[in-house]
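Please read the structure below before turning to the comments.
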């Protein structure tokens with residue numbers, strides 16, 4: 001699993017290609033493999049990329065991926 | 001006839017499966033939803049990784065009010081009827097409507113097996129209201145039940161296990177203050193007497209595995225959930241726990 005970090009526009013483009021790779025949407029209610037989520041405190045978005053699809057990315061897009069989940073990917077609400 | 005069946009050993013199944021065969025959770029209390037073990041689940045390999053995920057789980061009682069997840073990476077894995085939530089993948093399932101259209105008195109019964117208690121692990125939340133939740137609070141003894149601006153942090157009298165077990169939460173607004181009780185299997189481990197004072201507000205919850213958004217996610221298995229809009233009697237609660245244990249292999 002990789003975390004692709006870029007603009008919303010770029011994340012949506014990768015989302016579309018990754019969905020095609022997994023033949024989504026399917027007939028069991030799954031619409032997307034992953035969906036962009038804005039990183040807490042940033043303007044950038046994050047999209048989860050599978051290891052299988054990662055190998056299909058261009059070198060330019062691979063460079064935008066991290067191997068570990070950004071700490072601000074999980075939105076932490078104040079109690 | 002029964003006598004001879006017993007003498008011949010034919011009655012064994014009557015007794016070993018008697019609870020499951022003759023008792024049903026929807027026969028007690030005022031049930032509003034029942035996400036039953038290994039039933040009405042939509043299971044498919046959505047992400048092509050050769051393991052199955054659960055994209056939808058409908059209630060076996062009343063309107064189906066399915067809990068769903070349309071994004072593959074956020075669908076819990078299917079594990080022989082148990083739903084396995086992977087916290088780093090932000091896995092959760094959300095209903096189309098609040099359970100019971102909001103709950104005043106309630107009994108909520110889970111069959112769960114947490115992988116850990118290392119962070120805030122939310123079993124149940126409200127997608128639209130971040131402060132409505134039930135969670136384990138970074139500990140195998142500490143929990144928080146919170147809604148309508150009030151929170152009840154409690155320390156259980158015994159640790160919650162890592163093995164599969166039945167967790168039951170009740171709230172009784174007929175008493176003042178509204179007591180909340182939490183049971184680990186049949187043992188009452190929390191009896192809250194300070195929760196919510198005299199307020200009788202509705203508690204709204206509509207999802208499992210997460211607080212609002214993607215916050216404080218659960219990590220582990222959820223095998224079954226039953227929700228009633230009243231407090232079950234001691235006898236009904238014990239029967240319900242025994243039935244759920246039998247079905248889920250506790």
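The values are calculated or read from the model by the stated rules, or taken from the named source; none is laboratory data. On a predicted model such as this, the values are computed, not experimentally measured, just so you know. Note: ideal-geometry Cβ built from the backbone for every residue, glycine included; neighbour counts use all protein chains shown.
Determine, yes or no, whether residue B:124 is surrounded by fewer than 24 Cβ atoms within 10 Å (Cβ to Cβ), in contact (Cβ under 8 Å) with a residue 60 or more places away in the chain and in contact with a strand residue (DSSP E or B) (Cβ under 6 Å, 6 or more places away or on another chain).
So residue B:124 fails the test.
Considering only the range B:19-69, how many residues are assigned to a strand (DSSP E or B), in contact with a helix residue (DSSP H, G or I) (Cβ under 7 Å, 6 or more places away or on another chain) and facing chain A (nearest Cβ under 10 Å)? The qualifying residues number 1. Would you check which residues across the range B:70-94 are farther than 16 Å from residue B:44 by Cβ, in contact (Cβ under 8 Å) with a residue 60 or more places away in the chain, within 14 Å of chain A (Cβ to nearest Cβ) and not in a loop (DSSP other than H, G, I, E, B) and list them? Matches in the range B:70-94: B:85, B:87, B:94.
One residue is enough: does the range B:92-104 have a residue meeting the conditions surrounded by 20 or more Cβ atoms within 10 Å (Cβ to Cβ) and more than 25 Å from residue B:54 (Cα to Cα)?
Yes; the residues of the range B:92-104 include at least one that is surrounded by 20 or more Cβ atoms within 10 Å (Cβ to Cβ) and more than 25 Å from residue B:54 (Cα to Cα).
Please go through the range B:213-249 and pick out each residue that is in contact with a helix residue (DSSP H, G or I) (Cβ under 9 Å, 6 or more places away or on another chain), assigned to a loop (DSSP other than H, G, I, E, B) and at pLDDT 95 or above. Passing the criteria: B:218, B:219, B:229, B:231, B:232. Of the residues making up the range B:101-120, one or more are assigned to a helix (DSSP H, G or I), out of contact with any helix residue (DSSP H, G or I) (no Cβ under 6 Å at 6 or more places or on another chain), more than 17 Å from residue B:224 (Cα to Cα) and more than 14 Å from every other protein chain (Cβ to nearest Cβ).
Quick grid of which residues meet (1) more than 12 Å from the chain's Cα centre (by Cα); (2) within 13 Å of chain B (Cβ to nearest Cβ); (3) on the phi < 0 side of the Ramachandran plot:
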| position | (1), (2), (3) |
| --- | --- |
| A:27 | yes, yes, yes |
| A:32 | no, yes, yes |
| A:40 | yes, yes, yes |
| A:44 | no, no, yes |
| A:47 | no, yes, yes |
| A:50 | no, yes, yes |
| A:72 | yes, yes, yes |
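Just one of the numbered conditions (1) more than 14 Å from chain A (Cβ to nearest Cβ); (2) assigned to a loop (DSSP other than H, G, I, E, B); (3) crowded, with 18+ Cβ neighbours inside 10 Å is not true of residue B:210: (1).
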